[in-house]
Structures are given as C-alpha cells and as structure tokens.
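All remarks here apply to the structure that follows.
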Amino acid sequence: MAGLLSRWPFFRQLIGGGDGTGPEAMSEETRALRPRLDGAQIARSVCPYCAVGCGQLVYHRAGKLVAIEGDPESPISRGRLCPKGADSYELLTHAGRETRVKYRRPYSTEWEEIGLDRAMDMVAERVWETRERSFVEERDGLPLMQAPTMAHLGGATLDNEENYLIKKLFTAGLGMVAVSNQARI
Ligand code: SF4
C-alpha cells in the first residue's frame with residue numbers, strides 16, 4: 001500500500017511539501033528519460049552550404065549520426081545556424097538522398113548509373129583532353145604555359161590546405177588561370 005501511495009504525485013507532495021512542480025510530480029518514466037544527445041560523441045565541423053562557414057557540432061553514437069547542431073564556440077556563428085544549415089542532418093540522412101553517380105550521355109534524355117571509379121576516370125580524361133587541346137605554351141615569343149579554356153570554382157567549405165593544393169595543382173600543374181571560390185560570388 002505504501003509503495004502504491006508513494007507513486008501518487010499528490011501523496012508525494014503532501015509528504016515532501018513540494019508545490020507539485022518538482023520531482024514529486026515526476027513519474028518513473030519521466031525520471032528514466034535521458035537527453036536526446038546523452039552519451040553521444042561530438043565532432044567539430046563546418047556547415048557545407050554557404051560561404052559564411054558556420055560552425056557545427058556533429059553528434060554521433062556507435063558510428064551513427066545522431067544530430068547536427070550549431071557550435072557555440074564558433075567565432076563566426078556563435079552557435080547559430082540558418083534554417084538551411086540547421087537541416088544539415090537531413091542532407092545526410094534523407095531517404096531521397098542521391099548516393100550513386102548519375103551520367104547523362106550527350107543528347108540523351110535519360111540518366112544512367114555508373115560506378116564511381118569510371119566517373120572519376122571520365123572526369124580526369126576530360127580535364128586532360130581539354131588541357132592538351134588548348135594549352136598555350138608561348139605568346140609573342142615569350143613562355144605563357146596557360147590552359148585558358150579551363151576554370152575551377154571551389155566551394156566555401158574548402159579549408160586552407162585544400163585550397164592550397166587546388167591552387168598548386170590547377171595553376172602550376174595544369175596551367176589554369178581562372179581559379180576562384182564560391183565565397184567571392
Ligand atoms: S548555417 Fe546558413 S549561413 Fe551558416 S554556413 Fe550554413 S547555409 Fe550559410
């Protein structure tokens with residue numbers, strides 16, 4: 001009987017003297033509730049969408065993504081994310097997310113799936129073929145070494161190291177002169 005009474009919030013309020021809004025009002029189920037992100041590990045990241053580069057905390061548990069929230073320690077966004085950035089979790093988990101390479105042949109109206117290795121080879125072949133076709137070694141008797149028909153536009157989430165490698169490969173390596181970034185647009 002005592003056990004039964006002790007589960008009754010009103011009885012607990014009478015005995016404990018609370019005002020009915022504290023622990024005396026909690027059920028066992030409520031007491032057992034844990035925060036949604038309890039026990040999750042956190043990885044620091046940057047929103048993948050735009051040039052603002054808001055900081056994100058990526059919560060994961062047992063190798064699975066749990067949530068993505070704003071990073072209060074980011075000097076750029078101080079914990080805030082716009083509606084688009086706040087939906088980053090869905091970007092990764094939405095059932096409609098495309099995870100295979102789609103290829104549409106010239107003049108075709110249909111998309112077909114191809115393997116990632118083949119797609120990467122096709123990109124590399126096109127880059128090299130374009131460079132070979134348009135490379136200008138000299139102009140007016142002076143060395144030029146430029147590939148003027150190619151350009152590269154980077155995304156805002158590229159970090160310093162990636163931008164360094166892109167600049168080095170595409171300008172010094174391939175001769176591109178038009179290398180820019182989404183952040184400038
Ligand atoms: S949260 Fe919004 S403003 Fe911030 S980087 Fe992402 S898309 Fe841009």
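Residues are listed down the side, and each one gets a yes or a no for (1) aliphatic (A, V, I, L, M); (2) over 19 Å from the mean Cα position of the chain (by Cα); (3) surrounded by fewer than 13 Cβ atoms within 10 Å (Cβ to Cβ); (4) over 23 Å from G154 (Cα atoms):
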{"residue": "A67", "(1), (2), (3), (4)": "yes, no, no, yes"}
{"residue": "P72", "(1), (2), (3), (4)": "no, no, yes, yes"}
{"residue": "R80", "(1), (2), (3), (4)": "no, no, no, yes"}
{"residue": "D87", "(1), (2), (3), (4)": "no, no, no, no"}
{"residue": "L92", "(1), (2), (3), (4)": "yes, no, yes, no"}
{"residue": "K102", "(1), (2), (3), (4)": "no, yes, yes, no"}
{"residue": "P106", "(1), (2), (3), (4)": "no, yes, yes, yes"}
{"residue": "I114", "(1), (2), (3), (4)": "yes, yes, no, yes"}
{"residue": "D121", "(1), (2), (3), (4)": "no, yes, yes, no"}
**Message:** With among the aromatic types (F, W, Y) and closer than 30 Å to A119 by Cα as the only criterion, which of Y49, Y59 stands out?
**Reply:** Y49
**Message:** I need the full set of residues from the stretch 1-13 which are among the hydrophobic types (A, V, I, L, M, F, W, C) and either surrounded by fewer than 10 Cβ atoms within 10 Å (Cβ to Cβ) or in contact with a Phe, Trp or Tyr (Cβ under 9 Å, 6 or more places away or on another chain) (or both), in order please.
**Reply:** M1, A2, L4, L5
**Message:** Looking at the stretch 41-53, I want the residues that are closer than 11 Å to S88 by Cα and have a partner that is within 7 Å of the ligand (Cβ to nearest atom) with Cβ atoms under 7 Å, at least 6 apart or on another chain. Which pairs are those?
**Reply:** V46/G53; C47/G53; C47/C54; C47/L81; C47/G85; Y49/K84; Y49/G85
**Request:** For the stretch 64-149, please list each of the helices (runs of 4 or more DSSP H) lying entirely inside it that holds at least 2 residues being within 16 Å of the ligand (Cβ to nearest atom) and in the same structural domain as C47 (by TED's automatic domain parsing).
**Result:** 83-86, 88-93
**Request:** Take A62 and decide whether it is surrounded by 14 or more Cβ atoms within 10 Å (Cβ to Cβ) and either within 30 Å of D159 (Cα to Cα) or in contact with a helix residue (DSSP H, G or I) (Cβ under 6 Å, 6 or more places away or on another chain) (or both).
**Result:** no
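The values are calculated or read from the model by the stated rules, or taken from the named source; none is laboratory data. Everything quoted here is computed from the prediction, not taken from an experiment. When we count neighbours, we look across all protein chains shown, and the Cβ atoms used for this are built from the backbone with ideal geometry, even at glycine.
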